[in-house]
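Some notes on the structure that comes next.
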Amino acid sequence: FKRLKIRSYIFLIAWICLCFSLATPLYGKKTVAVKKYGASVMFVIDISNSMTIKDNDISRLSMAKYLADFIIEKYPSYSFGLVLAKGDGILSVPLTFEQATLQENISNLSPKIMTSSGTNLEMGILKAANSFSQEHDNFNIIILFTDGEETKGDIRKTSKKLLEAGISLIIVGLGSKDGSEITILNDKREKIKKMSSLNEDLLRQFAQSLGKNGEYIQGDSYVSLNKIFK
């Protein structure tokens, strides 16, 4: 009886070991790739001379800087980048999680940092669209800060690219429809005065043409600004 009892215990242990082996337990550590979902935001900022106009005691460019900085602070887990709507579109800061670097670049924005004149919203948006990484499943968003005055290109030509890539565009219109005078240089390098106003009709119509991928926001309306975060 004693040997039978010992043999039963041995069979029990063997059965337990068999169950463990069939369960194929894993030991040690293993690196596993996990997808991280979030949003990547590219700021496209118009830094033309017209953006220095003060419509309500604050310049259009200063308002753009303030709003961009506020958005960065509100979404610390997102990656951000910066494109200047000048020339062929200048990628000032590629997509990064280094908020301090981006905020420093935004705070130093001025029409004087570039010698080229005029505004090219078309090339600015295209440069931003091409800056998104194709390896991440993030929501890609472009936020455009401008008064809508174009001296080069046509913003409406970017709609196909945005729709095909599934990129959302938020346009923040800065300035007033009444506008203000600004001194510029003509083709003969002579100083002349010109009225500069918010081209809201163009910006709004373009945003609407993008359907759910487009949104127009009034930069001086706190009610409208809530739409950015929605």
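The values are calculated or read from the model by the stated rules, or taken from the named source; none is laboratory data. Note that the coordinates shown come from a computational prediction; the quantities given were computed from them, not determined experimentally. A quick note on method: Cβ atoms are made from the backbone with ideal geometry, for glycine too, and the neighbour counts reach across all protein chains shown. Just the protein is used for accessible areas: all its heavy atoms, side chains included, with ligands, DNA and RNA removed. Shrake-Rupley method; radii C 1.70, N 1.55, O 1.52, S 1.80 Å.
Details
- Taken over segment 55-104, the criterion of being open to solvent by 40 Å² or more (accessible area, probe 1.4 Å), small (Gly, Ala, Ser) and in contact with a Gly (Cβ under 7 Å, 6 or more places away or on another chain) is satisfied by Ser77 alone.
- Taking the listed residues Leu91, Leu67, Leu95, the one that is within 24 Å of Gly175 (Cα to Cα), within 15 Å of the chain's Cα centre (by Cα) and of a type outside the set (Lys, Arg) is Leu67, with no other qualifying.
- Residue within segment 26-41 that is at pLDDT 90 or above and either open to solvent by 60 Å² or more (accessible area, probe 1.4 Å) or among the hydrophobic types (A, V, I, L, M, F, W, C) (or both) present: yes
- Any chance Thr52 is open to solvent by 40 Å² or more (accessible area, probe 1.4 Å), among the hydroxyl-bearing types (Ser, Thr, Tyr) and in contact (Cβ under 8 Å) with a residue 40 or more places away in the chain: yes
- A single entry from Ser107, Ser117 fulfils the requirement of being under 17 Å from Met51 (Cα atoms), open to solvent by 50 Å² or more (accessible area, probe 1.4 Å) and modelled with pLDDT of 90 or more: Ser107.
- Number of positions in segment 128-150 that are assigned to a loop (DSSP other than H, G, I, E, B) and open to solvent by 90 Å² or more (accessible area, probe 1.4 Å): 4
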